[in-house]
Amino acid sequence: MERTGVAFLDKRCHKLPGAAALSWQGMRTTLGLHPGLWARLVQLAADEGKTTSELVEAAIRDLLRRRRLAKPLSPLPSFDGGGALVDVAERDEL
């Protein structure tokens, strides 16, 4: 199962329901995925003719790219409204 430089999911990991082992140059990590999410991922991979690893890697790359490219929002403008012109507690002044 040696795949130097390539991340891949090992479907043989059955420690947790819906879990998959991620291997990178011999390092293994278990991802705890909801069984329904895993089933959807497997179906999408089959539909697209890709491996689940390819889809997971593409999703992680996309997430990291979007976060890197995200610009911080400018602060909203604030205005001094000059205070209340009437006392809202006094019904007759409204």
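The values are calculated or read from the model by the stated rules, or taken from the named source; none is laboratory data. A quick note: this is a predicted structure, and the numbers were derived from the prediction, not measured. All Cβ positions, even for glycine, are placed from backbone atoms using ideal geometry, and neighbour counts span all protein chains on display.
Of the set (1) at pLDDT 85 or above; (2) assigned to a strand (DSSP E or B), all apply to D62 but (2). Checking L85, L22, L94 one by one, the residue that is at pLDDT 75 or above and of a type in the set (A, V, I, L, M) is L85 and no other. For region 32-45, the count of residues that are part of a strand (DSSP E or B) and either surrounded by 10 or more Cβ atoms within 10 Å (Cβ to Cβ) or modelled with pLDDT of 85 or more (or both) is nonzero.
Hey, can you tell me all the residues within region 46-59 that are of a type in the set (V, I, T) and not in a loop (DSSP other than H, G, I, E, B)? Reasoning before the result, please.
Kept after step one, since they are of a type in the set (V, I, T), are these residues of region 46-59: 51-52, 56.
Answer for region 46-59, where residues must be of a type in the set (V, I, T) and not in a loop (DSSP other than H, G, I, E, B): T52, V56.
Residues of region 65-94 that are assigned to a helix (DSSP H, G or I) and either polar (S, T, N, Q) or surrounded by 10 or more Cβ atoms within 10 Å (Cβ to Cβ) (or both): R65, E93.
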